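We did not get these values from a lab; they are worked out from the coordinates using the rules stated. Please read these numbers as outputs of a predicted model, since none were measured by experiment. Cβ placement follows ideal geometry from the backbone for every residue including glycine, while neighbour counts extend to all protein chains displayed.
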Amino acid sequence: MTQAELAAKIEHTILKPEATEAEVMKVAAEGAQYRFASVCIAPVWVAKASAALRGSGVPVCSVVAFPHGTSKSTVKAIEATVAVKDGAGEIDVVAHLPLLAAGNVDAVRAELLEVAKAARAVRRDVVLKVILETAYLLSLGAERGEAAIAAGCRAARESGFDFVKTSTGFHPAGGASAVAVALLKKYGEGMLVKASGGIRDWATAKAMLDAGADRLGMSGAVGIISAECRMSPGGA
């Protein structure tokens, strides 16, 4: 894999609550420089980052109900709509964890459908991802966690979402794991998989890709793709 091929799988991310405008715009500039899959930022910065990235081919990704997922579905739909109007081409929605833990497919589907309909009324081709907080679900026990992940994947698929995503990176249960990625790939049934949370080196990134991840969300992307273990932009 060349450096360019790896960059195309990475969402360059800055979601820390204390991030300044200067820090966010630096990440946006790096997104354009390295041709990352997207730049993932908080909703408050979407309009400015979208303007900065216009014409670069690198979309802005923003988050909804982040990081807890506890907003009402109507509020999630409004937040997604505003982000898309501000220029976001991709939206990562945190699902309501109690519904996931209970394996309540109908309730999760209803929530996600409301978000999908609202966002796609603004932009038909917006890419939608749902964050299932898989480390938390698996902490409930292997069998129960797998059932909850399967339910979340089914709800996402039936709601027209494009991706299922492991984690926010903010939950105390942890972030992405190869086990979780493999389960998302298994139950996603054709949906793409985004691994995020705790991916801070090439070994971890490779493990996620090997497990089936199509995208990697990380804040240390520049360091990873610039490390000695990676190829040059034209390398083999």
For the chain, with +1 on Lys and Arg beta carbons and -1 on Asp and Glu, the positive-most of GLY223, GLY103, VAL64 along the dipole: VAL64
THR74, THR166 arranged by Cβ crowding within 10 Å, fewest neighbours leading: THR74, THR166
Efficiency of FRET between GLU158 and ASP210 - r from beta-carbon atoms, R0 35 angstrom, step 0.05: 0.80
Label selected from (i) 26, 22, 15; (ii) 32, 20, 17; (iii) 26, 24, 18, the criterion being semi-axes √(5λ) of the Cα gyration tensor in Å as computed here: (i)
Residues of type aspartates and glutamates that LYS185 reaches as a straight line, Cα spacing below 19 Å, ignoring anything fewer than 8 places off in the same chain: GLU11, ASP92, GLU133, GLU143, GLU146, GLU158, ASP162, ASP210, ASP214
Residues LYS72, LYS185, sorted so that the one with the fewest Cβ neighbours within 10 Å comes first: LYS72, LYS185
Nearest-20 debye value, the chain charge dipole, Cβ charges on Lys, Arg, Asp, Glu: 340
Mean residue ellipticity (222 nm) of the chain, computed from DSSP H runs ≥ 4 via -39,500 (n - 2.57), nearest 500: -14000 deg cm²/dmol
Extension gain (nm, one decimal) between ARG123 and MET25, 0.36 nm per residue minus Cα-Cα: 32.9 nm
Pairs from LYS26/LYS85; LYS26/LYS76; LYS165/LYS206; LYS85/LYS117 whose Cα-Cα separation, in the structure shown, is over 20 Å: LYS26/LYS85; LYS26/LYS76
